[in-house]
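Comments concern the structure below.
The values are calculated or read from the model by the stated rules, or taken from the named source; none is laboratory data. Because the structure is predicted, anything quoted here is derived from the model rather than measured. We place every Cβ from the backbone using ideal geometry, glycine too, and count neighbours over all the protein chains shown. The protein model used for the area step is the full one, side chains on, heavy atoms only, and it has no ligands, DNA or RNA in it. Shrake-Rupley method; radii C 1.70, N 1.55, O 1.52, S 1.80 Å.
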Amino acid sequence: ELSALRSRYIGGESIAGTRLVPLPPRATEMVDRITDLDRKKGNALRRYYSEMTRVLGESRRVIKPGKAAIFVVGSSTMRGIDTQTHLCLGEIGQTVGLDLVGIGRRALDRDRRMMPARTAPGRRSQIEERMHEEYVIAFVKPAGKEV
């Protein structure tokens, strides 16, 4: 049951039945780099960016001209490569017609997040390696562009 639910999550592992869309250069390059190392992970990243293209496009459709859409994302490390999620989503937002206002980095307090990092010395897990910051991406729908 959980497996079936996970298959519907944005960026799930399987691309079966997923409508993939063309991606802008940075996202395409990132997907290609990951795919060269691990096809399954590359497919998951391609699915994530495709689905987020639709999310950002729908955001553009529903917000009023001159109003903002704010997204908070973390980046992922796949096969030792930072996927630069914030930069890729910034570019994707621009391709669907949003103006990128800016991307801010916010440090996460290791003791105040839902999944606190281990305090014991030793090996750090992948989740601990990447969950020390998040990015706030601000878009605005250009004025006079009602959909």
Q. Is it the case that segment 58-72 has a residue that's hydroxyl-bearing (Ser, Thr, Tyr) and farther than 17 Å from residue 138 by Cβ?
A. no
**Q.** Given (1) surrounded by 12 or more Cβ atoms within 10 Å (Cβ to Cβ); (2) modelled with pLDDT of 95 or more, number of the condition residue 75 does not satisfy
**A.** (2)
Q.
Can you report the number of residues in segment 61-99 which are over 15 Å from the mean Cα position of the chain (by Cα) and over 18 Å from residue 19 (Cβ atoms)?
A. 12
Q. Are there any pairs, at least 6 apart or on different chains, whose C-beta atoms fall under 8 Å, with the first in segment 64-88 and under 23 Å from residue 43 (Cα atoms) and the second open to solvent by 60 Å² or more (accessible area, probe 1.4 Å) and polar (S, T, N, Q), and if so, which?
A. 77/126; 83/77
Q) If you go through segment 28-72 one residue at a time, how many are open to solvent by 70 Å² or more (accessible area, probe 1.4 Å), within 16 Å of residue 91 (Cα to Cα) and not in a helix (DSSP H, G or I)? A) 2
Q) Is there a residue being touching a helix residue (DSSP H, G or I) at 6+ places or on another chain (Cβ under 6 Å), open to solvent by 90 Å² or more (accessible area, probe 1.4 Å) and either modelled with pLDDT of 95 or more or in a helix (DSSP H, G or I) (or both) anywhere in segment 7-27? A) yes
Q) How about segment 80-108: which of its residues are in a strand (DSSP E or B) and out of contact with any strand residue (DSSP E or B) (no Cβ under 9 Å at 6 or more places or on another chain)? A) 81, 82
Q) With respect to the numbered conditions (1) surrounded by 16 or more Cβ atoms within 10 Å (Cβ to Cβ); (2) under 17 Å from the mean Cα position of the chain (by Cα), which one is the sole condition not fulfilled by residue 106? A) (1)
